[in-house]
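Before any comments, here is the structure.
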Amino acid sequence: MNYLESPKQYTGIDVEKIFFRPILTGDGAKELGIRVLYNMPVPTVVQLWDGSRNVLKKFTTNGWTGGDAATKYQKQIPMERVKAELGFSAADYFSLVYEQISARADINMEDLTGTILEQAETELFKQAIAENLRMTMWLGDTSRNTGYNTFNGFLTSINQAVTDDVINYTNYAAAEMTAPEHAVAVLQKLWDMADPALKSMRGEGQLAFFCTSDICDLYEQYLDSMGVESSFRATTEGVSSLAFHGIPIVDPCITNMLAQTSLHQSFALLTDRRNLVMAVNTADIPGNEVRMWYNPDEMENRQRALFMAGCEILDENMLSYAYRS
């Protein structure tokens, strides 16, 4: 046996339970590092409430002294209908699926049932969808002809905000990012120019620096040069996670793909993770499905998923940005 011919089609609740919910909730959502909304009603709207900051009143007489009602703001997440498609030669596809199975310790390789093969095929496709959603939420630009153009990503929105001069931002030249201490200067600059409201949210534990690999590498070199025991351990054992004054530094791992776009090739941004939102919907789109089948004419295994996706920055004031000019 060197190919898989059994067609599989998932619709309705099976699309949610088998494919999307595992990669968009729980640990799957944490790996993305941002706020994920799954199967919210379309159009997807986030309600933001700005309650009165002075709610304590003197209790002198009976009656209502609450003042005006809390102000409600809302932000609509633009959603685009997208599809994910993959095609493999039959022999290559079986090898990929077989590798997924052989890595499991609880499998009898002489008794592969249809369910086991189906789980391996599903996992292969889920990984591809999750990775493409992650890349598009950062690099997406609908004006491109090809490549991550299904919906606009965070960096496209940020670039437009820089052009419109509506966010706190700064830039630096390539010569200003050659020494380890330069990375520290960029991170400190982001903190210094951040909105006071953003700084006040530090205690909630949701602030994060999102930086390209060059800045992360320089900052790690800076930590290595400190000459203390912790730096020695970091040099010999590696650093599991970076942080600046207790705020995590996250590498979105998109540097290799940035070179293929017109976006800023080196950047760092400080924001609350909950301010970056990606929404995915598989319930409100007509004809939503996940299908896997074998095409005998092309001797090719094919996979397809139909769903809706989009992302948005909820409040541009809650973000400070630095980029290489």
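Observations on the model:
- Residue within the range 213-220 that is farther than 27 Å from Glu31 by Cβ and either part of a helix (DSSP H, G or I) or modelled with pLDDT of 90 or more (or both) present: no
- Residues considered: Ala183, Ala175. Of these, the only one that is buried (at least 19 other Cβ atoms within 10 Å of the Cβ) and not acidic (Asp, Glu) is Ala183.
- Listed conditions (1) modelled with pLDDT of 95 or more; (2) open to solvent by less than 20 Å² (accessible area, probe 1.4 Å) are all met by Leu133, apart from (1).
- For the range 245-262, a tally of residues being aliphatic (A, V, I, L, M), touching a strand residue (DSSP E or B) at 6+ places or on another chain (Cβ under 9 Å) and open to solvent by 10 Å² or more (accessible area, probe 1.4 Å) returns 2.
- Top-ranked residue in the range 271-312 [being touching a Phe, Trp or Tyr at 6+ places or on another chain (Cβ under 8 Å) and of a type in the set (Phe, Trp, Tyr); ranked as farthest from Arg134 (Cα to Cα)]: Tyr294
- Test: residue in the range 275-290 that is under 30 Å from Pro248 (Cα atoms) and not in a strand (DSSP E or B): yes
The values are calculated or read from the model by the stated rules, or taken from the named source; none is laboratory data. If you're wondering where the values come from, they're calculated on a predicted model, not measured in any experiment. Reconstructed Cβ throughout: ideal geometry from the backbone, glycine too, with neighbour counts over all protein chains shown. These accessible areas exclude ligands, DNA and RNA; they are computed on the full protein's heavy atoms, side chains included. Shrake-Rupley method; radii C 1.70, N 1.55, O 1.52, S 1.80 Å.
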